[in-house]
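In what follows, a structure is listed as structure tokens, so that the remarks can point back to it.
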Amino acid sequence: METKRLGSSAIDKVVSTAELLELILLQLDLRTLLTAAQRTCRYWHSLVRDSPSLQKHLYFMPDENISKSWNPLLAEVFPSFFSLNGGSAAGFGRFTFATFDMIQFPDKITAYNRKEASWRRMLVQQPPIQEFAFFDVVSSRMPKKQAFAQPHDVVCMGALFEFVVTRGPLRYERQMFQRVFWASSEQEDHPVWKRNSGLVEEFRQASAQFDLVVYQIASRGCVRHKPCVTEEEKMRRLIFSSYAELNQEKNAETYDVVDIEEDSMQSKAHW
């Protein structure tokens, strides 16, 4: 009995010492630290909220002293945003809403789209990304336009989510292709790279300047298709309708971009 009392006393001392408890909590995975750990008691909740080390561990605060790493929790629930390789020969690592946790489990959509949802404040990467680029190519035989987004603040998941779902210039139509590229992504697998060496160089410059590039290509051929709502657009609308209702989002805002015309290669701003 005495041994048990001593053991219990030692544990109580550890968990009541902020520095020691912090070291223990830093060993938890993000999901457990974000949810179960903070529900244990008010003391634990306050410690997680007020500790810079734990806030950095949760990707809520910038950490400049570690090697580049994605937010593993975001990569789990929004996998299309976090793809390094070229993917399959047919898909080329295509961005799709179908991989989103909220689409695979529609009963979670409301919880995800709450204004106070914590994932929105999370950084997508540590050290944080300061800005991202939008690379837009309209092509028939040759690309006609490349567009780069003007710098954003430190990129949280909420801003990136809104860019692709609610406010950005992406169009989920037939013959449209989107992908999120990271600095270490493989670019050679997409057929567009084989058609235009100038585009390859432009994209490599963008990848060198930005850790994150949202890429879109529209292939405009001679064959006309009847207007239709794609499955991708249906999923986007499903997400957006819930988002708009919960966030009083009535009008989509357009992001500032810089167009670079292929002929003159002169930049001009438009919005």
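The values are calculated or read from the model by the stated rules, or taken from the named source; none is laboratory data. Fair warning: this is a prediction, and the values are worked out from it, not measured in the lab. Backbone-built Cβ (ideal geometry, glycine too); neighbour counts: all protein chains shown.
Here VAL15 clears all of (1) more than 23 Å from the chain's Cα centre (by Cα); (2) of a type in the set (A, V, I, L, M); (3) at pLDDT 95 or above except the condition numbered (3).
LEU28 - would you say it is at negative phi and outside any helix (DSSP H, G or I)? Considered against the rule, which asks whether it is at negative phi and outside any helix (DSSP H, G or I), LEU28 comes out as yes. Is there a residue being in a helix (DSSP H, G or I), under 24 Å from PRO128 (Cβ atoms) and at pLDDT below 85 anywhere in region 151-162? Looking through region 151-162, none of the residues is in a helix (DSSP H, G or I), under 24 Å from PRO128 (Cβ atoms) and at pLDDT below 85.
Among the numbered conditions (1) modelled with pLDDT of 95 or more; (2) aliphatic (A, V, I, L, M); (3) more than 19 Å from ASP211 (Cα to Cα), the only one that MET142 does not meet is (1).
Is there a residue in region 245-255 that is of a type in the set (Val, Ile, Thr), under 19 Å from ASP136 (Cα atoms), at pLDDT below 65 and assigned by TED's automatic domain parsing to the domain that holds GLN178? Checked against the condition, which is being of a type in the set (Val, Ile, Thr), under 19 Å from ASP136 (Cα atoms), at pLDDT below 65 and assigned by TED's automatic domain parsing to the domain that holds GLN178, region 245-255 yields at least one hit.
Looking across region 187-233, the residues that are surrounded by 13 or more Cβ atoms within 10 Å (Cβ to Cβ) and at pLDDT 80 or above come down to PHE210, ASP211, LEU212, VAL213, VAL214, TYR215, GLN216, THR230, GLU232, GLU233. Does ARG42 meet the test of being out of contact with any helix residue (DSSP H, G or I) (no Cβ under 9 Å at 6 or more places or on another chain) and at pLDDT 90 or above? Criteria met by ARG42.
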